[in-house]
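A.B. asks: If you scroll down you'll find the structure; I have some questions about it.
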Amino acid sequence: MDKQSAISTVRGILKSSNFGIRIPDEFGDQESLFSRGIIDSFGLLAFINELQSKFGFKVENREIHPGNFETLDRIAAFVCTKKEEEND
């Protein structure tokens with residue numbers, strides 16, 4: 001999976017599921033999802049469940065930190081890494 005299609009899929013998950021939070025029409029790939037109020041600590045776990053379901057991988061507890069989930073760009077990189085690990 002390439003990074004741009006991962007970004008597109010993740011953006012779609014956020015917009016369709018919204019986890020009780022209002023999603024702006026546009027937000028950049030490097031914008032903090034937490035600072036923009038797109039996702040919060042309560043919605044993060046539901047969002048991670050959606051990622052696991054959509055992409056078919058397991059997110060380990062040690063992987064749940066802002067380094068992986070702060071921006072669309074970071075989430076896409078995380079998704080791509082997890083998918084590559086599956087193929088190894």
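The numbers here are math on the coordinates, done by the rules we state, and not lab data. Predicted model, so just to flag it, every value in this text is computed and none were measured. Because the Cβ atoms are built from the backbone with ideal geometry, glycine has one as well, and the counts that use them run over all protein chains shown.
A.B. asks: Of (1) crowded, with 17+ Cβ neighbours inside 10 Å; (2) of a type in the set (A, V, I, L, M); (3) part of a loop (DSSP other than H, G, I, E, B), M1 satisfies all except one. Which?
C.D. replies: Status for M1: all satisfied but (1).
A.B. asks: While we're looking at this one, here's another question. For region 9-56, which positions are closer than 11 Å to V79 by Cβ and among the hydroxyl-bearing types (S, T, Y)?
C.D. replies: T9
A.B. asks: Restricting to helices (runs of 4 or more DSSP H) lying wholly in region 12-88: which have 2 or more residues that are loosely packed, with under 10 Cβ neighbours inside 10 Å?
C.D. replies: Numbers: elements: 41-55, 66-69, 72-87.
Hits in region 12-88: 72-87.
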